[in-house]
1. What helices in the chain pass both tests, a Cα length along the helix axis of 27 Å or more and a mean Kyte hydropathy of 1.6 or higher, using whole DSSP H runs?
2. Under 16 Å Cα-Cα from LYS51, which lysines qualify once same-chain neighbours fewer than 8 residues away are excluded?
3. Based on the Cα atoms of the stretch 163-215, what semi-axes does the equivalent ellipsoid have, where each is the square root of 5 times one gyration tensor eigenvalue, given in whole Å with the largest first?
4. Could you tell me which residue out of GLY99, ASN63, LEU32 lies farthest along the dipole of the chain toward its positive end? Charges go on the beta carbon: Lys and Arg +1, Asp and Glu -1, centred on the Cα centre.
5. Rolling a 1.4 Å sphere over the protein heavy atoms, what is the accessible area per residue of the chain, to the nearest Å²?
6. Given points 7 Å out from each Cα along the Cα-Cβ axis, report the ILE158 to TRP14 separation in nanometres with one decimal.
7. Can you pull the percent of Cα pairs in the stretch 138-228 with separation above 22 Å?
8. For the chain, with only Lys/Arg (+1) and Asp/Glu (-1) charged at the beta-carbon, what is the dipole magnitude about the Cα centre, in debye rounded to 20?
Amino acid sequence: MSFSITEATRGQKWIAGILVVGYALITILPLLWIVATGFKSPSDAIAYPPKVVFEPTLEGYVNLFTTRTRMTPETLEELGPPATWYDRIVRQYDMVISGPSRYGERFLNSVVIGFGSTFLSVFLGTLAAYAFSRFRVPLKDDLMFFILSTRMMPPIAIAIPIFLMFRQLGLSDTHLGMILLYTAVNLSLSVWLLKGFIDEIPVEYEEAALIDGYTRFQAFYKVVLPQAATGIASTAIFCLIFSWNEYAFAVLLTSGTAQTAPPFIPTIIGVGKDWPAVAAGATLFLVPVMVFTILLRKHLLRGITFGAVRK
């Protein structure tokens, strides 16, 4: 039986292109709306019908990074004219800036916990994947299935045991506790992904390095790791996305010192429904993962397709 693959016609290419562009627009529209809402005033953000054309303002970002106190007109007159542009924005609502908000601290917590757990997950996952790929591990298949099974349960199923364990160990609301938790959750994904990449690297490369006098560690460091760079980059992106966006454990196990941005952003709404500040916080929260993904995009594309075509 023979199969023939015909080249797509011009019309088919146009249809495929239109479908791809349409899907991309539908996917990116909510993100664009969030970014636009961050530059709206509170009244424009809740206007009906929704305003597509509006006068941009940085009020949402000012409210995101500051705490404000309402003053009487007499007190505002005694304070004199506003000294900065953000003071002028706040004075429009008879308020003054009383100090910085906690968004910067929560954002920094997300950076420390997200990238810290990603590094540990990829580091430990690479070592474990190499061991499973290259050595005769007793009950290898059973152990690999056990590692994978740790992701089969929803977070809420193990939330209470983890909460009690963290409270007993003094890890509640600590950066170390959240990094260890996210590392444990991401480790199964890291091991499974990286084992597949390392399996695709011919073992003959390492054997040649060992014959040339390399130690096992030198062969791993100088031969395997460069070949597995695409897989490591792809795995790092997936692990960071989970750690960066995780909400359930962050709400349960943190409240102040180690609280990350996802559980903090909804609290910005307040009584006045400050949607521009929420949108501004969400927009800034997208930036680190977006930059990290763009920097590794070539590795990500190669990593996803690695091993898909065999000779």
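The values are calculated or read from the model by the stated rules, or taken from the named source; none is laboratory data. The structure presented is a predicted model; accordingly, all values stated were derived computationally and were not measured. Every residue, glycine as well, gets a Cβ built from its backbone with ideal geometry; the counts of neighbours run over all protein chains shown. Side chains included, ligands, DNA and RNA excluded: accessible areas come from the protein's heavy atoms. Shrake-Rupley method; radii C 1.70, N 1.55, O 1.52, S 1.80 Å.
1. Membrane-span-like by this criterion, though nothing is claimed about a membrane: 275-295.
2. Partners within reach: LYS40.
3. Whole-Å semi-axes of the equivalent ellipsoid: 40, 14, 7.
4. LEU32
5. Accessible area per residue, the chain: 62 Å².
6. 5.4
7. Result for the distance tail: 51 percent.
8. 720
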